[in-house]
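Below is one structure, written out as structure tokens, with a few remarks after it.
Please treat every number below as a calculation from the coordinates, not as lab data. Keep in mind the model is a prediction, meaning the values are calculated, not measured. Backbone-built Cβ (ideal geometry, glycine too); neighbour counts: all protein chains shown.
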Amino acid sequence: MNQLGFTATELGSTGWLPMDVEQLREVLGRHQLNLLAAFVPLVLHRAEEADRALDQAEDMARMLETAGARYFNTAPVTSADWEPRSPLTDDQWQHLYAMFDRIDGICEAHGLVQVLHQHVGCVVETADDVERVLQGSSVLFVLDTGHFAIGGVDPVDFARRHRDRVGLVHLKDTRLDVADQLNHNELTLMTAVQNGLFPALGQGDLKVDAVVTTLERDGYSGWYVLEQDCAIIGPEPAPGEGPLRDVETSVNYLKELAMSLQASA
């Protein structure tokens, strides 16, 4: 990551980086990286689990503040074990909105910005879910181009119509034919990734350049996270090979886009 010019990273899946703050700082500092954000799965629609979810949010927010992060990426899940999605009742939707407000307060107390991560397999996944949240809550979103597209939300349209609700951006390209298989339960998310669901930027079906251009021209000043989801299904690649090549391709795509935006400014 450092060699490719990155200055910050998200925490990643639990256990990928140390959860102990001092160990985390040592690892990141050794590679001249800062911590930007963390994906935080929480059960937020069940009133009986509210106290536990708030305690978990407080613990994570405290850790992220100490580690110097900026964003708290809330991912509402069906259960701690990521049980399959099921429809929420009206009362559960209202409870979800109220929990967003309470986590906003926790994040503000720790100098963080809460952003809702709409995501495959989470409570907020589809275009209908996103619309309900837009109407029922003031929470900011992670505009994740890939997960928005899979859920049926046009990321360019969202950037255009709801710029005021974009708190953070995750950039990933997507092959819509593979996404269609995922949505029809022909593939799991893991097998879809193994089948090339998220290629390097510019090599899928999304207009990632239009998302960035729309946000930049409308004054977006937050961070962009290059999220190159991948799966190594063969032998371990040699150093400097494998997923690194896709990331390098994506970085070069963004550099060219940045130059084009500067030229047209």
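If you place +1 on the Cβ of every Lys and Arg, -1 on the Cβ of every Asp and Glu, and leave all else neutral, what size is the dipole of the chain about its Cα centre, to the nearest 20 Debye?
About 700 debye.
In a shell of Cβ-Cβ distance under 15 Å around Pro237, excluding Pro237 itself, what net charge do Lys and Arg (+1) and Asp and Glu (-1) give?
Spelling it out: positives minus negatives among the neighbours equals -3.
Based on alpha-carbon positions alone, could you give the equivalent ellipsoid semi-axes of the chain from the gyration tensor, as √(5λ), descending, whole Å?
One finds semi-axes of 27, 23, 20 Å for the chain.
How high is the relative contact order of segment 8-264, in percent, counting Cα pairs under 8 Å that sit 6 or more residues apart?
Once normalised by length, the contact order is 13 percent.
Rounded to the nearest 500, what is the 222 nm mean residue ellipticity of the chain from helices alone, with -39500 (n - 2.57) per DSSP H run of 4+ residues and division by all residues? Working shown, then result.
On the way: 10 runs with 117 residues, N = 265.
Mean residue ellipticity at 222 nm (helix-derived): -13500 deg cm²/dmol.
Ratio to report: Rg/Rh of segment 140-202, with Cα atoms as the point set and Rh obtained by the Kirkwood method; give two decimals.
Rg/Rh: 1.01.
With a 10 Å Cβ neighbour count serving as the proxy for reagent exposure, in which order, fewest first, do Phe158, Phe6 appear?
Ascending Cβ contact count within 10 Å gives the list Phe6, Phe158.
Find which of Ala38, Leu189, Pro239 sits farthest along the positive direction of the dipole of the chain, computed with +1 on the beta-carbon of Lys and Arg, -1 on that of Asp and Glu, about the Cα centre.
Positive-most Cα among the choices belongs to Pro239.
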